[in-house]
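Enquirer: For reference, the structure I am asking about is given below.
The values are calculated or read from the model by the stated rules, or taken from the named source; none is laboratory data. Predicted model, so just to flag it, every value in this text is computed and none were measured. With ideal geometry, Cβ positions are generated from the backbone for all residues, glycine too; neighbour counts draw on all protein chains shown. These accessible areas exclude ligands, DNA and RNA; they are computed on the full protein's heavy atoms, side chains included. Shrake-Rupley method; radii C 1.70, N 1.55, O 1.52, S 1.80 Å.
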Amino acid sequence: MKKISLLLIALSLLFASCGKDPEKEWGRFYGFTQADVVGHYEANPDESLYEALPTEGVTVYNNASMDVSAVGSTAVSIHIVIPGKVNKTFSGPLDMSDENRSDIALLNVINSLNKEDLLMTVYKNEQGQVRFHGRVKRYYYEINTDGLIVLKRSENWGFDVLKQE
């Protein structure tokens with residue numbers, strides 16, 4: 001009987017410790033509008049988000065900031081700064097016809113052999129805060145001996161930012 005009681009106590013402690021803090025719960029923000037994402041963003045203060053990612057070559061920086069401005073009625077201009085790493089602006093339309101989208105993807109073509117993109121997921125919590133988690137990636141291409149353009153290497157800079165009210 002003592003073993004069963006100890007087992008029940010251990011299980012209840014295990015389940016209690018696995019409970020999630022509702023203040024830290026984020027869900028994908030499906031069907032966001034331009035107005036939902038326009039604003040100023042600062043690095044997320046939750047340091048647990050900056051632990052090493054399982055994806056090789058991606059570091060999530062804890063000092064990113066971002067400004068999102070409206071362009072027309074459905075496009076945005078996103079200026080992202082990661083000090084010493086990235087200071088870029090990406091612009092383009094948001095796909096407002098897809099209510100199941102929760103991502104923003106924008107591309108900058110530098111020249112025929114170099115491009116960069118911004119890919120991020122939009123999240124929202126129970127308090128209505130908006131958060132972006134994503135990365136900027138730069139691609140370097142070269143022309144091989146067969147005259148084909150092939151990817152030589154790429155660089156990634158990750159971020160996690162919260163919209164400031």
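Enquirer: Evaluate region 115-165: find the radius of gyration of its Cα atoms, find its Kirkwood radius, and give the ratio Rg to Rh.
Expert: 1.27
Enquirer: Which value in nm describes the separation of the simple spin-label points at V109 and T145, placed 7 Å from the Cα toward the beta carbon?
Expert: 3.0 nm
Enquirer: Out of every Cα pair in region 25-165, what percent are spaced more than 27 Å from each other? Each step should come with its number before you reach the end.
Expert: Numbers: 2334 of 9870 pairs.
Of all Cα-Cα pairs in region 25-165, 24 percent lie more than 27 Å apart.
Enquirer: While we're here: Starting from the Cα-Cα distance between S69 and D36, subtract it from 0.36 nm times their residue separation and give me the gain in nm to one decimal. Write down the numbers at each step before the final one.
Expert: Values: separation 33, 0.36 × 33 = 11.88 nm, distance 1.10 nm.
Additional length available on full extension: 10.8 nm.
Enquirer: Calculate the spin-label point distance for K85 paired with Q129, positioning each point 7 Å from the Cα along the beta-carbon direction, and give it in nanometres.
Expert: 2.0 nm
Enquirer: Follow-up question, since we're still on this one. Under a crude label model (7 Å from the Cα following the beta-carbon direction), how far is S102 from L119 in nanometres?
Expert: Spacing of the two 7 Å Cα→Cβ label points: 1.7 nm.
Enquirer: Could you sort 154-160, 93-99 so that the peptide with the highest average Cβ count within 10 Å comes first and the rest follow in order?
Expert: Working: 154-160: 19.7, 93-99: 12.7.
Those peptides, ordered most packed to least, come out 154-160, 93-99.
Enquirer: Follow-up question, since we're still on this one. At a 1.4 Å probe, what is the % contribution of carbon and sulfur to the accessible area of region 60-131? Don't jump to the answer; show the numbers that get you there.
Expert: Working: 1640 of 3620 Å².
Here carbon and sulfur together make up 45 percent of the probe-accessible area.
Enquirer: Residue-wise, which Karplus ³J(HN,Hα) couplings in Hz belong to region 134-142, taking 6.51 cos²θ - 1.76 cosθ + 1.60, θ = phi - 60°, and x for glycine or proline?
Expert: With the stated coefficients, region 134-142 comes to x, 7, 9, 10, 10, 10, 10, 10, 9 Hz.
Enquirer: Can you tell which of G72, P93, G147 lies farthest toward the positive end of the dipole of region 36-165, using +1 and -1 charges on the Cβ of basic and acidic side chains (Lys, Arg; Asp, Glu)?
Expert: Going by the Cα projections, it comes out as G147.
Enquirer: So, one more: Which ³J(HN,Hα) values in Hz, rounded to whole numbers, follow from the phi angles of region 33-39 under the Karplus curve 6.51 cos²θ - 1.76 cosθ + 1.60, where θ = phi - 60° and Gly and Pro get x?
Expert: Working through the residues one at a time gives 9, 4, 4, 5, 9, 5, x Hz.
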